[in-house]
1. Given (1) touching an Asp or Glu at 6+ places or on another chain (Cβ under 7 Å); (2) in contact (Cβ under 8 Å) with a residue 40 or more places away in the chain; (3) surrounded by fewer than 22 Cβ atoms within 10 Å (Cβ to Cβ), where does Thr117 come up short, assuming only one miss?
2. Only one of (1) open to solvent by less than 60 Å² (accessible area, probe 1.4 Å); (2) farther than 13 Å from Val115 by Cα fails for Gln130. Which number is that?
3. Strands (runs of 3 or more DSSP E) wholly in the range 140-229 with at least 3 residues that are under 18 Å from Tyr96 (Cα atoms) and open to solvent by less than 80 Å² (accessible area, probe 1.4 Å) - which ones?
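The values are calculated or read from the model by the stated rules, or taken from the named source; none is laboratory data. It should be emphasised that the depicted structure is a prediction, and the values quoted were computed from it without experimental measurement. Glycine gets a Cβ as well: all are built from the backbone with ideal geometry, and neighbour counts include every protein chain shown. The area values use the complete protein model at the heavy-atom level, side chains included, leaving out ligands, DNA and RNA. Shrake-Rupley method; radii C 1.70, N 1.55, O 1.52, S 1.80 Å.
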Amino acid sequence: MIKAVIFDLDNTLVDFYRMKEEAIRYAVEAMIDAGLKMPKEIAYNKIFEIYEREGIEDQKIFDKFLTESFGEIDYKIHAAGIVAYRKAKSASLITYPNTQYTLITLIKKGIKLGVVTDAPRIQAWTRLVQLNLHHFFDVVVTFDDTGKTKPSEEPFILALKKLNALPHEAIMVGDWPERDILGGAKIGMKTVFARYGDIFGTKESGADFEINDISELIEIIDKLNENRY
């Protein structure tokens, strides 16, 4: 009997990568308008190279970009990038289609909902509140709660403890096989690969189920609870 569903946040509930791409492009254009002497695509690629090295949640991305590119920070350019990024982030952060419908439907079925994310606590909650998702979840476990990133067992164990659910009573839904799927499977959870959020071109997810729309999760849970799988 499935009693709980744990979701990854970024690229599972929230179209995070799309937001990040749009916000950085907008920021680069603003920095060029403020005097940045660099072609747009080169600047964009340099920023994402830093993200790849430092982590996608890096809060000093424009400081590092300007320092590494020019040896110093021009604060007119720096401020232009920050302001443009914040405006674009607010406008482009969206949930995937059918997300709220799916969450509401699961709650009506008596399913407890949680989030396990590698994002820092304030960034995770900011995204949830901005998209009006914060009321749907019984528990949100962030990197700051355990100091461990997926696929470590600790974040999953903590979430299940707070949800009062055993691993075989819960499903993990995520877009990253090496973190979300492996982490959930390691402790005995059923796993669902959110193929709609995959940005890596994953061929084999290793998950028990794969979905192309988050609403497909409803049928999976219904069938599991009817012992049809």
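1. (3)
2. Just one mismatch for Gln130, condition (1).
3. By residue number, 170-174, 190-194.
This table checks each residue for (1) in contact with a His (Cβ under 6 Å, 6 or more places away or on another chain); (2) at pLDDT 95 or above; (3) aromatic (Phe, Trp, Tyr); (4) farther than 19 Å from Leu113 by Cα.
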residue	(1), (2), (3), (4)
Asn164	no, yes, no, no
Pro167	no, yes, no, no
Ile171	no, yes, no, no
Gly183	no, yes, no, no
Lys186	no, yes, no, yes
Val192	no, yes, no, no
Tyr196	no, yes, yes, yes
Ser205	no, yes, no, yes
